[in-house]
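A.B. asks: Sharing a structure below in structure tokens format, with a few things to ask.
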2 protein chains.
Amino acid sequence: MPKKSERTRQRIVEAANRLFYHQGFNQTSFTDVVEAAGVPRGNIYYYFKTKDEILEAAIQYRLDRIKQMLENWTGDYRTPIERLQRFVDILSNSADSITRFGCPMGSLNTELGKMQGPLQQQAENLFRIFESWLSDQFAELGYAGRAHELALRLMAHGQGISVIAHTHRDGAFLQREKARLHDWLDRLADGDDACA
Amino acid sequence: MPKKSERTRQRIVEAANRLFYHQGFNQTSFTDVVEAAGVPRGNIYYYFKTKDEILEAAIQYRLDRIKQMLENWTGDYRTPIERLQRFVDILSNSADSITRFGCPMGSLNTELGKMQGPLQQQAENLFRIFESWLSDQFAELGYAGRAHELALRLMAHGQGISVIAHTHRDGAFLQREKARLHDWLDRLADGDDACA
């Protein structure tokens, strides 16, 4: 695809992605995307025939960004505990967004999960790539026999904190629970799995 | 309201409540409610002018049922630890639904949380009545100084488990994590708050 077309397509995907996060997929209309992208409706049809196709592209965009972020973390942080702590830092870095809109992938999966279908399966991959990477870190930390279990548990902790913080618009709760997650990981790194 | 009207109104509310849980509020149309309730559209307008009004009634219906359930538990179970464990049992009693549709109140709050407004505040009450009751139990268990904190943490645990189980359609994960929640509570009841 020529450069100009690729940039336009990207603009549509990024605008739609933001709307899906802020409003929800079902609550977002094709017209909402047209207005947010600042691209004429006819031009959008050149790239996407339906809202589902735009969501598919938005999920792929998120997957690519997550994949890149995890590769960066793997390179930037030398030890598994540092990488795991960096993951938990997402909670505070995105505290305002989470409190206002919920977790981007948790809320999307919650919405699509009621709908089933191929889009739900694609959205599930957002969790899977994190869980796979977290599992690698827990294995390297010395918990190879239960690495996947710990990865899922850490994801569940993050998701639960996000749901409560979002429901109550409570950023202070999010920060307190995040601090406890850091402690939980530090204990695991010290070989203390009493609370794991 | 005459008995017949009250029964019809209730039928609409219960049908709508089920649809909102299974499909999501935004994904449910007024027509969906008409068909599910088996009540002519004109008759529904007698009770509810908009979908928002139906949601308001559905939330009130849930609040009333939760309030009744908590009163029953308070009466049926004599100790705070038994009551807390009964709360955690919701996870396995509703395992199939949670795996298929997510937590009913978590998913509703996640959806409405992006929309803000009075409906979001009403939906938040679903969490608040549980948290208030859980807080009473933790206080009675001997943790009066941190009862509310523990209540929120237990809610967060339940929500996180529900999101992961729903995302991955993983009922086995839900059961394993529920078992760990029971252990966590037992330890608290024994005065061991190392993992609290």
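Quick note: the coordinates plus some simple rules give every number you see, no bench work behind them. Given the structure is predicted, the values throughout are model-derived calculations rather than measurements. Heads up, the Cβs are rebuilt from the backbone with ideal geometry, glycines too, and the neighbour counts pull from every protein chain shown.
A.B. asks: Sort through B:Arg83, B:Arg100, B:Arg65 and tell me the only one that's under 24 Å from B:Phe173 (Cα atoms), without any contact (Cβ under 8 Å) to a residue 60 or more places away in the chain and among the charged types (D, E, K, R).
C.D. replies: B:Arg83
A.B. asks: Within segment A:72-89, is even one residue under 12 Å from the mean Cα position of the chain (by Cα) and facing chain B (nearest Cβ under 10 Å)?
C.D. replies: Scanning segment A:72-89, I find no residue that is under 12 Å from the mean Cα position of the chain (by Cα) and facing chain B (nearest Cβ under 10 Å), so the answer is no.
Rundown of residues vs (1) out of contact with any Lys or Arg (no Cβ under 9 Å at 6 or more places or on another chain); (2) more than 24 Å from A:Ala196 (Cβ to Cβ), yes/no style:
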site: B:Pro80; (1), (2): yes, yes
site: B:Ala95; (1), (2): no, no
site: B:Thr110; (1), (2): yes, yes
site: B:Ile129; (1), (2): no, yes
site: B:Ser132; (1), (2): yes, yes
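A.B. asks: Among the residues of segment B:137-147, write down those that are of a type outside the set (Phe, Trp, Tyr) and buried (at least 16 other Cβ atoms within 10 Å of the Cβ).
C.D. replies: Within segment B:137-147, B:Gln137, B:Ala139, B:Leu141, B:Ala147 meet the criteria.
A.B. asks: Determine, yes or no, whether B:Gln122 is without any contact (Cβ under 8 Å) to a residue 60 or more places away in the chain and either closer than 29 Å to B:Asn26 by Cα or surrounded by fewer than 20 Cβ atoms within 10 Å (Cβ to Cβ) (or both).
C.D. replies: For B:Gln122, the condition - without any contact (Cβ under 8 Å) to a residue 60 or more places away in the chain and either closer than 29 Å to B:Asn26 by Cα or surrounded by fewer than 20 Cβ atoms within 10 Å (Cβ to Cβ) (or both) - is not met.
A.B. asks: Among B:Gln68, B:Gln85, which is the only one that is more than 24 Å from A:Gly113 (Cβ to Cβ) and touching a His at 6+ places or on another chain (Cβ under 8 Å)?
C.D. replies: Details: B:Gln68 fails: touching a His at 6+ places or on another chain (Cβ under 8 Å).
When all the criteria are applied, what remains is B:Gln85.
A.B. asks: In addition: Out of (1) hydroxyl-bearing (Ser, Thr, Tyr); (2) closer than 22 Å to B:Phe25 by Cα; (3) without any contact (Cβ under 8 Å) to a residue 24 or more places away in the chain, what's the single condition that is false for B:Tyr77?
C.D. replies: B:Tyr77 satisfies all of (1) hydroxyl-bearing (Ser, Thr, Tyr); (2) closer than 22 Å to B:Phe25 by Cα; (3) without any contact (Cβ under 8 Å) to a residue 24 or more places away in the chain except (2).
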